[in-house]
Amino acid sequence: MPTRPEPSTAREDLGAAARQLAGRVGGPLFTEGQDGYDEERARYQTHRPHRPALVVGATEPKDVQLAVEFAAARDLPVGVQATGHAPALPAGTGVLVSTRRMTEVRVDPAARTAFVGAGVRWKQVVEAAAPHGLAPLSGSAPDVGAVGYTLGGGIGLLARKFGYAADHVRRVECVTADGRPRAVTADSDPDLFWALRGGRDNFGLVTGLEVDLVPVNRLYGGGLFFDGASAEDVLDAYLRWTETVPEEMTSSLALVPLPDAPTLPPPLRGRYVVHVRISYLGDPAYGERLVAPLRALGPRLADSVRELPYTESGSIHNDPVAPAAYVGTNAMLSGLDAGAVRTVLELSGPDAPITSIVEVRHLGGALARAPRVPNSVGHRSARYLLAVLDRVTDDTADAVRAAHTRLTDALSPLTTGRNLNFLYGAAASPDQVRRAYEPGDYARLGRIKAAHDPGNLFRLNHNIPPNPSPGPRRRAAADRSGQQKER
């Protein structure tokens with residue numbers, strides 16, 4: 001095991017130390033002001049860009065290990081970034097590990113697994129698995145990094161049939177805060193394995209995952225677009241429809257103010273639309289019958305629902321690929337009724353002061369069941385996830401966040417918690433991160449953090465702080481308190 005370096009003095013020149021590190025890592029290394037620094041730190045999320053003291057362009061796990069050792073010796077926070085769909089570091093300096101060069105994908109068709117490097121995007125896994133009639137539990141956007149998505153839970157296009165992506169991780173390769181490379185499994189370290197799958201990079205920088213693949217090569221899917229004037233009727237009907245469909249149907253609905261952009265089809269340009277997204281595993285003819293009640297709701301601006309290969313599954317949501325500045329939050333909901341629908345439209349619809357993108361994802365099915373190997377993903381009882389998102393500038397971000405808070409506050413009677421992967425923008429508040437987990441699970445995560453990262457080296461935007469186990473006296477007091485409550 002590598003020896004952790006002695007802490008450096010505050011007077012040490014970071015640039016000189018970085019030059020020494022540059023001679024040891026296989027990839028490039030950048031400090032602020034150097035050519036290539038801005039390109040390496042750039043990310044899909046452009047709101048309030050981070051300016052790390054050092055960026056390490058990792059090419060292999062050894063580079064990640066060296067970066068962690070370097071940061072630990074100087075008490076610098078460490079973050080990791082592949083595609084940069086979520087912020088990697090809080091405000092201030094730190095060491096950013098860029099994994100975009102770690103793009104190894106290995107498919108084992110006999111075992112129905114894939115090894116996915118830290119910088120891999122989902123589209124690479126989809127394309128590698130497809131010739132074997134297999135698919136990963138990928139998300140709606142093929143350009144999203146596979147590892148970060150999975151560590152946060154991962155609600156994908158096949159989720160109601162197969163569950164969270166985190167439920168199908170077999171091995172996690174990571175570097176913990178002591179600079180130690182580990183291959184973590186349910187047998188080797190059950191606590192750390194439990195925490196990593198749902199806790200993101202709070203417990204170590206992940207260099208690769210071994211994940212399950214599923215026997216899927218085609219599906220019946222696409223989008224139905226309705227004019228926003230019918231938003232309340234379509235959303236009400238959609239919610240009733242979700243009560244009737246089988247687990248093979250994974251769907252969502254989005255209320256979207258579209259720009260008047262030439263890249264959009266003429267019927268959609270500049271309109272407020274309702275976009276119903278369909279992903280059905282089963283006979284296409286039966287899929288047609290399942291979708292028929294939605295098509296009967298009225299005229300459609302566009303209809304792309306059809307049988308398609310899984311390699312084209314990104315066309316279902318058709319998420320934007322251009323970098324943007326945005327913020328957003330979410331609520332895991334026990335249900336949605338007609339009154340809540342009206343509230344959503346009043347607070348975020350076309351007549352609201354701020355018209356937001358609102359998405360409702362149908363949960364349940366396999367998402368509601370505990371996986372064979374438990375993990376820290378929370379709020380499995382939720383029936384829907386409602387996410388709200390807006391593009392922002394520095395001048396509008398605070399007003400947008402306030403609007404989002406008004407919406408989530410109004411839905412609080414139906415809210416069971418938050419989902420970590422849908423907390424967008426600048427640093428998520430400690431309360432939002434806490435609410436992504438069941439209370440007992442959050443306490444356990446804090447104890448595991450204390451065991452593996454007691455100095456909180458991985459001080460990320462979705463930070464779970466170390467929470468050491470209480471001493472004997474505190475435990476005894478807590479036990480007595482619990483006994484009194486039981487009485």
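The values are calculated or read from the model by the stated rules, or taken from the named source; none is laboratory data. Given the structure is predicted, the values throughout are model-derived calculations rather than measurements. Neighbour counts are summed over all protein chains in view; Cβ atoms, including those assigned to glycine, are modelled from backbone coordinates with ideal geometry. Surface accessibility is based on the protein's heavy atoms, side chains included, excluding ligands, DNA and RNA. Shrake-Rupley method; radii C 1.70, N 1.55, O 1.52, S 1.80 Å.
Listed values, structure above:
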| item | result |
| --- | --- |
| Count - residues of the stretch 269-302 that are in contact (Cβ under 8 Å) with a residue 24 or more places away in the chain and of a type in the set (Gly, Ala, Ser) | 5 |
| Subset tally (residues that are under 27 Å from residue 446 (Cα atoms), touching an Asp or Glu at 6+ places or on another chain (Cβ under 7 Å), small (Gly, Ala, Ser) and assigned to a loop (DSSP other than H, G, I, E, B)) for the stretch 355-395 | 2 |
| Among (1) modelled with pLDDT under 95; (2) open to solvent by less than 10 Å² (accessible area, probe 1.4 Å); (3) charged (D, E, K, R), the one test that residue 201 misses | (2) |
| Unmet criterion (only one of (1) touching a helix residue (DSSP H, G or I) at 6+ places or on another chain (Cβ under 7 Å); (2) crowded, with 24+ Cβ neighbours inside 10 Å) for residue 67 | (1) |
| Residues being outside any loop (DSSP other than H, G, I, E, B) and either among the aromatic types (Phe, Trp, Tyr) or buried (at least 24 other Cβ atoms within 10 Å of the Cβ) (or both) - total across the stretch 127-147 | 5 |
| Residue list for the stretch 341-365, filter: among the β-branched types (Val, Ile, Thr) and touching a helix residue (DSSP H, G or I) at 6+ places or on another chain (Cβ under 8 Å) | 341, 343, 344, 354, 355, 358, 360 |
| Hits in the stretch 168-216 (condition: over 16 Å from residue 106 (Cβ atoms), of a type in the set (Gly, Ala, Ser) and touching a strand residue (DSSP E or B) at 6+ places or on another chain (Cβ under 9 Å)) | 177, 186, 188, 204 |
| Conditions (1) more than 18 Å from residue 459 (Cα to Cα); (2) touching a residue at least 60 places away in the same chain (Cβ under 8 Å); (3) not in a loop (DSSP other than H, G, I, E, B): number failed by residue 106 | (2) |
| Odd one out for residue 175, checked against (1) open to solvent by less than 20 Å² (accessible area, probe 1.4 Å); (2) aliphatic (A, V, I, L, M); (3) under 27 Å from residue 219 (Cα atoms) | (3) |
| Filter pass, residue 105 being at pLDDT 95 or above and either surrounded by 21 or more Cβ atoms within 10 Å (Cβ to Cβ) or acidic (Asp, Glu) (or both) | no |
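Residue-by-condition table, conditions (1) at pLDDT 95 or above; (2) open to solvent by 40 Å² or more (accessible area, probe 1.4 Å):
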| position | (1), (2) |
| --- | --- |
| 409 | yes, yes |
| 444 | yes, yes |
| 448 | yes, no |
| 462 | no, no |
| 465 | no, yes |
